[in-house]
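Down below is the structure, laid out as structure tokens.
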Ligand SMILES: [Cu+2]
């Protein structure tokens with residue numbers, strides 16, 4: 001029983017310290033940070049039933065991470081979307097997950113990746129801060145504030 005516990009622990013440690021560990025400060029899983037910066041929501045005129053959310057998501061970890069879901073108390077549903085241009089026509093589709101490379105970043109911006117914020121539960125004012133929570137594939141949750149802005 002004790003051996004099993006030790007074996008499990010060494011697997012965890014191996015996962016936390018990839019081959020590059022030792023060259024620089026080791027980043028343990030607990031304090032490796034995902035930063036959501038410059039989050040904002042584009043308000044649309046005429047009370048549209050969905051808004052788009054944008055931000056820069058920085059992965060300061062030595063491992064790739066994957067955002068698998070987002071939620072907000074202000075919206076009935078939040079989806080990860082990608083806008084692509086196919087033969088001059090702009091289309092958007094839902095993506096199941098948003099991977100971010102080790103030490104990399106993802107830019108959610110108009111015309112590209114974005115959050116699709118569905119069915120606002122109340123009217124939003126420009127300047128308001130909206131809570132959005134992200135869930136990573138490893139189970140971690142990240143809380144962020146997105147500022148509502150006029151287009
Ligand atoms: Cu969309």
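The values are calculated or read from the model by the stated rules, or taken from the named source; none is laboratory data. Keep in mind that what you see is a predicted model, and the values were worked out from it rather than measured. Methodologically, a virtual Cβ is constructed for each residue, glycine included, from the backbone with ideal geometry; neighbour enumeration extends over all protein chains shown.
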**Prompt:** From 88, 111, which residue is modelled with pLDDT under 95 and within 16 Å of the ligand (Cβ to nearest atom)?
**Reply:** 111
**Request:** From (1) more than 15 Å from residue 43 (Cα to Cα); (2) more than 14 Å from the ligand (Cβ to nearest atom); (3) buried (at least 17 other Cβ atoms within 10 Å of the Cβ), pick out the condition that doesn't hold for residue 140.
**Result:** (3)
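Residues are listed down the side, and each one gets a yes or a no for (1) surrounded by fewer than 14 Cβ atoms within 10 Å (Cβ to Cβ); (2) assigned to a strand (DSSP E or B):
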| site | (1), (2) |
| --- | --- |
| 111 | yes, no |
| 115 | no, yes |
| 124 | no, no |
| 133 | no, yes |
| 144 | no, yes |
**Item:** Unique residue being in contact with a strand residue (DSSP E or B) (Cβ under 8 Å, 6 or more places away or on another chain) and surrounded by fewer than 18 Cβ atoms within 10 Å (Cβ to Cβ) when the list is 37, 70
**Value:** 37
**Message:** Let me confirm something: among 58, 82, which residue is surrounded by 16 or more Cβ atoms within 10 Å (Cβ to Cβ) and either assigned to a strand (DSSP E or B) or within 16 Å of the ligand (Cβ to nearest atom) (or both)?
**Reply:** 58
**Request:** Check 43, 98 and return the single one that is at pLDDT 95 or above and surrounded by 15 or more Cβ atoms within 10 Å (Cβ to Cβ).
**Result:** 98
**Request:** Read through the list (1) surrounded by 14 or more Cβ atoms within 10 Å (Cβ to Cβ); (2) farther than 16 Å from residue 72 by Cβ, then give the number of the only condition that residue 103 fails.
**Result:** (1)
